[in-house]
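The values are calculated or read from the model by the stated rules, or taken from the named source; none is laboratory data. Not measured: the values here are computed from a predicted model. Cβ sites come from the backbone with ideal geometry, for glycine too, and all protein chains shown count toward neighbours.
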Amino acid sequence: MTSDPSEHSAGLARRDTGGDGAHRGDQPRSYYGQPIVKEPAWTWQVPWYLFAGGLAGGASLAAAVAEATGQGELARRTRGVAAGAATASPALLISDLGRPRRFVNMLRVFKPTSAMSMGSWLLAAFGPAATGAAALDGLGWLPTARRGLSAGAAVLGVPLTTYTAVLLSDSANPAWHGARNTLPAVFASSAAASAGGAMTLVGPAAQTAPARRLAAAAAAGE
């Protein structure tokens, strides 16, 4: 029996549009017309929070390295960048949450197996260390305490640059979850590139060559 050419054309059209009128390239939808993957409800604060956290962690580690290699002025200015980003990061998170109490509530539990719990505690510990080191450096007070705070911020800065990647990959989003083994490395490279770029902008011209190499290498790794 010969099929109707119009029915054949309609079938091709249905296959081409996904069966519900959406064109190829649109977000895939189920037979009920709903998105297969729920769209993240992100406010504008979230991407800036990710950027600020990565910059803060990367700059703290870079400042410690700069000081260890005898580039004192570059280290001092980079600590200022880290302190500014460390202040902005929780402020953006709290703004996204809507109420400061929600952030405080996350500190009521310490759960090493939870990326959100560990991230909250990292922010709570990192902020005072980074801002304290920058403040003591600027005032010229307590150099031993300043070095201790700077070292603490550098150590905490490493997981701070990657915990958001772990948090995102531990989700139902197939793109993020599928990249769970590589996403932390991408976030770490992005943090290093941001820190290198910031050091290039604020540091003395005679001391920024290592910062430029860091930014270029991190961008390539990213």
Response to the item:
Restricting attention to the stretch 67-86, the residues that are modelled with pLDDT under 95 and either touching a Leu at 6+ places or on another chain (Cβ under 7 Å) or not in a helix (DSSP H, G or I) (or both) number exactly 3
Item to complete: For the stretch 194-209, enumerate the residues that are in contact (Cβ under 8 Å) with a residue 24 or more places away in the chain and farther than 28 Å from residue 49 by Cβ.
Response: 204, 207
Item to complete: Inspect the stretch 151-160 for any residue being over 28 Å from residue 46 (Cβ atoms), surrounded by fewer than 17 Cβ atoms within 10 Å (Cβ to Cβ), in contact with a helix residue (DSSP H, G or I) (Cβ under 9 Å, 6 or more places away or on another chain) and small (Gly, Ala, Ser) and give the result as yes or no.
Response: yes
Fill in: Filter result for residue 180 (within 15 Å of the chain's Cα centre (by Cα), farther than 15 Å from residue 63 by Cα and free of Cβ contacts under 8 Å to residues at least 40 places away in the same chain)
yes
Worksheet item: Can you pull out the helices (runs of 4 or more DSSP H) entirely within the stretch 87-186 that have at least 1 residues that are more than 30 Å from residue 219 (Cα to Cα)?
Response: 100-106, 115-139, 143-169
Worksheet item: Can you name the residue in the stretch 187-222 that is charged (D, E, K, R) and part of a helix (DSSP H, G or I) and is also surrounded by the most Cβ atoms within 10 Å (Cβ to Cβ) among such residues?
Response: 212
Practice prompt. Among the numbered conditions (1) surrounded by 19 or more Cβ atoms within 10 Å (Cβ to Cβ); (2) within 30 Å of residue 171 (Cα to Cα); (3) among the small types (Gly, Ala, Ser), tell me where residue 64 comes up short.
Written response: (2)
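Answer yes or no as to whether residue 75 is within 21 Å of residue 158 (Cβ to Cβ), touching an Asp or Glu at 6+ places or on another chain (Cβ under 7 Å) and crowded, with 16+ Cβ neighbours inside 10 Å.
yes
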Fill in: Residue satisfying all of: in the stretch 146-171; under 12 Å from the mean Cα position of the chain (by Cα) and among the polar types (S, T, N, Q); nearest to residue 49 (Cα to Cα) among these
164
